[in-house]
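Q: What follows is a structure written as structure tokens; I'll ask about it next.
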Amino acid sequence: MFVPEASNSAKEVTRSFYYILGIEIVLLILVTAVMVYFVIRYRSRRHPSSENVEGGPVLEIIWTVVPTLLVIIMFIIGWQSFTQIRKVPEGAMVVRVRAQQWSWQFTYENGRQSEVLRVPIGGPVKLIMHSQDVLHCLYVPAFRIKEDCVPGMETYLWFTADRPGSYDIFCTEYCGLGHSGMISKVTAMPAGEFESWYKKGEAGKEAQGLKHLETKGCLGCHSIDGSKKIGPTFKGLYGSKVEVLTNGKEREVVADEEYLRKSILEPAADIAEGYQNIMPKLPLNEDELKAIIGYLKELK
Ligand code: CUA
């Protein structure tokens, strides 16, 4: 196998594939061999004038019945894998998939969002998919699953990953200039590892940023609705131009990620014009800081 088999449906699909490939190889060899034999056996030097052959019932029955059986078996195998692929088991973990030009976004039931699809090994996962704009198609070769993402409509897929690893996700529906770059990964990880990753996103990254702002007391001085308090508001701050005093000198800066980070960690470094710096240094760890900045970036 060139592409690893990393899900339950992979085995089903591989089975159908090899059954069909096997039949094709046997038929190819058979037909070619008989053809070559006939070309030699009945060449015109040995048989200058052709003969009229009046049918052969036995042969005709064989070449009707045998292919029919082969095709029926093909259908049964295909049908079995198909129903297996379409029938989602009870209790599957639901992940919502949003396709858009040109990226994938995965949202979990607790609000956790990710650009990479993380799943636990051994547990069924149901993907409920939709598109923001045009037709896309989610394809995971290692899982042998593929389904269109259609604007205005929900489609689904399910799988159980059974091997740890990181596997490709492709978009297989031409969706514009960035189509070939519309790629991501699915990471299958041990259930415990997944659980701790999942828990981190309890209530979602942004909601978590807001939670930190509340619990650390930031909202006592900074509003999130644009109103003026002791400190500048957070609303619309990210990306805006800010007049600040740096070491007593006035300058204009853009409130980018770096600025937000510095203002949180060293409140006295750049003081927004019209305000006094009375902000304490906060004991924040990197995760909390990231969640807060993530929240501020979205607060438009
Ligand atoms: Cu999305 Cu191609």
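Q: Filter the stretch 163-194 down to the residues that are among the acidic types (Asp, Glu) and within 16 Å of the chain's Cα centre (by Cα), then identify the one that is surrounded by the fewest Cβ atoms within 10 Å (Cβ to Cβ).
A: 168
Q: OK, next. One residue is enough: does the stretch 6-18 have a residue meeting the conditions among the basic types (Lys, Arg) and either in a helix (DSSP H, G or I) or within 16 Å of the ligand (Cβ to nearest atom) (or both)?
A: yes
Q: Return the residue satisfying two criteria in turn: it lies in the stretch 140-172 and is acidic (Asp, Glu) and more than 12 Å from residue 99 (Cβ to Cβ), and of such residues it is nearest to the ligand (Cβ to nearest atom).
A: My answer is 168.
Q: Just checking, does the stretch 58-71 include any residue being closer than 30 Å to residue 181 by Cα, exposed (fewer than 12 other Cβ atoms within 10 Å of the Cβ) and either modelled with pLDDT of 90 or more or away from the ligand (no atom under 16 Å from the Cβ) (or both)?
A: Looking for residues that are closer than 30 Å to residue 181 by Cα, exposed (fewer than 12 other Cβ atoms within 10 Å of the Cβ) and either modelled with pLDDT of 90 or more or away from the ligand (no atom under 16 Å from the Cβ) (or both), one finds none in the stretch 58-71, hence no.
Q: Now for a different question. Pick from 137, 175: which is within 13 Å of the ligand (Cβ to nearest atom), outside any strand (DSSP E or B) and touching a strand residue (DSSP E or B) at 6+ places or on another chain (Cβ under 9 Å)?
A: 175
Q: Residues to consider are 144, 118, 96, 112; find the one that is closer than 30 Å to residue 25 by Cα and either surrounded by 16 or more Cβ atoms within 10 Å (Cβ to Cβ) or in contact with a strand residue (DSSP E or B) (Cβ under 9 Å, 6 or more places away or on another chain) (or both).
A: 144
Q: Could you grab me the full set of residues in the stretch 97-134 that are more than 16 Å from the ligand (Cβ to nearest atom) and either among the β-branched types (Val, Ile, Thr) or in contact with a His (Cβ under 6 Å, 6 or more places away or on another chain) (or both)?
A: Of everything in the stretch 97-134, those that are more than 16 Å from the ligand (Cβ to nearest atom) and either among the β-branched types (Val, Ile, Thr) or in contact with a His (Cβ under 6 Å, 6 or more places away or on another chain) (or both) turn out to be 107, 116, 119, 121, 125, 128.
Q: May I pose another question? For the stretch 178-191, how many residues meet the condition of being assigned to a loop (DSSP other than H, G, I, E, B), within 25 Å of residue 7 (Cα to Cα) and within 16 Å of the ligand (Cβ to nearest atom)?
A: So the answer is 2.
Q: Still on this structure, please answer the following. With 107, 83 as the choices, which residue is under 26 Å from the mean Cα position of the chain (by Cα), free of Cβ contacts under 8 Å to residues at least 24 places away in the same chain, under 30 Å from residue 195 (Cα atoms) and crowded, with 16+ Cβ neighbours inside 10 Å?
A: The unique qualifying residue is 107.
Q: Is there any pair linking a residue in the stretch 151-179 that is under 21 Å from residue 13 (Cα atoms) to one that is assigned to a loop (DSSP other than H, G, I, E, B) and of a type in the set (Asp, Glu), with Cβ under 8 Å and at least six apart or on different chains, and which?
A: From residues that are under 21 Å from residue 13 (Cα atoms), the pairs are 163/5.
Q: Residue 212 fails exactly one of the following numbered conditions: (1) out of contact with any strand residue (DSSP E or B) (no Cβ under 7 Å at 6 or more places or on another chain); (2) surrounded by fewer than 16 Cβ atoms within 10 Å (Cβ to Cβ). What is the number of that condition?
A: (2)
The values are calculated or read from the model by the stated rules, or taken from the named source; none is laboratory data. Note that the coordinates shown come from a computational prediction; the quantities given were computed from them, not determined experimentally. Glycine gets a Cβ as well: all are built from the backbone with ideal geometry, and neighbour counts include every protein chain shown.
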